Amino acid sequence: MVKAELLSIFNFPLSTFHFQLSQGVSMAKLFNLKIFTPEREFFDGDVEGVTADAPDGSVMVLADHAPFIMPVSVGTISIKRDDKWDKAVTSEGFLEVRNDGVVIFVQACEHPDEIDARRAEEAKKRAEEHLRQKQSMSEYKQSKIALARAMARLQAESSGTKFSQ
């Protein structure tokens, strides 16, 4: 009863909702997602949703979202296709939601299986050492970004997530 009342308040078509639940059918609307780095086109395809880390938290975009631009933080991008989420590690950049899809520009983006755990661990140790030293504010910020990226890479690599293109 409560679900029906809530759905009717938001003008959600109840018949569609009940059909989707009873049939177990995914009726997700797709949109085009492109992810670019300076070195390559990381991804180009139709997706059900995308989630990216931002300075204030994580943001999810679905089809027909209002256009906007936001910064992307070091962390992960999750891409939903065929009712399955794939993850990639990303560095800083920005995301633009357009009427015809979403475009993400980042400095680096990696599949979890592309990450060398030994190199990521070395980068983490170097960044931690730099943070312990006296630095200018700019150097301090760069060291924090390097540490965040190394930690995101290690977390993705250890999760064993496989990315399907």
Please arrange Val97, Val74 by counting, for each residue, the other beta carbons lying within 10 Å of its beta carbon, fewest first.
Val97, Val74
Using the Karplus curve 6.51 cos²θ - 1.76 cosθ + 1.60 with θ = phi - 60°, work out ³J(HN,Hα) for each residue of the stretch 61-68 in order, rounded to whole Hz, and write x for Gly and Pro.
10, 10, 4, 6, 6, 5, x, 6
Looks like the stretch 29-112, by Cα gyration tensor root eigenvalues a ≥ b ≥ c and the a/c under 1.5 rounded cutoff (else prolate when a/b is bigger than b/c, oblate otherwise), is rounded
Counting only residues 5 or more apart in sequence or on a different chain, those whose built amide H sits under 5 Å from that of Phe42 are Ile35, Phe36, Thr37
At a Cα cut-off below 18 Å, give the aspartates and glutamates reachable from Lys29, other chains included and same-chain residues fewer than 8 away excluded.
Asp44, Asp46, Glu48, Asp64, Asp82, Asp83, Asp86, Asp100
Please report the net charge: other residues with Cβ closer than 15 Å to the Cβ of Phe94, K and R +1, D and E -1.
-2
Modelling each spin label as a point 7 Å along the Cα-to-Cβ direction, I'd like the Asp113/Gln135 distance in nm, to one decimal.
3.4
Fewest-first ordering of Glu48, Glu39, Glu114 by Cβ atoms within 10 Å yields Glu39, Glu114, Glu48
Among Ser138, Ser58, Ser91, Ser78, which comes first, then next, by fewest other beta-carbon atoms within 10 Å?
Ser138, Ser58, Ser78, Ser91
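Each value in this text was obtained by applying a stated rule to the coordinates, not by laboratory testing. These numbers were taken from a predicted model, which means no experiment stands behind them. Here the Cβ is made from the backbone with ideal geometry for all residues, glycine too, and neighbour counts use every protein chain on show.
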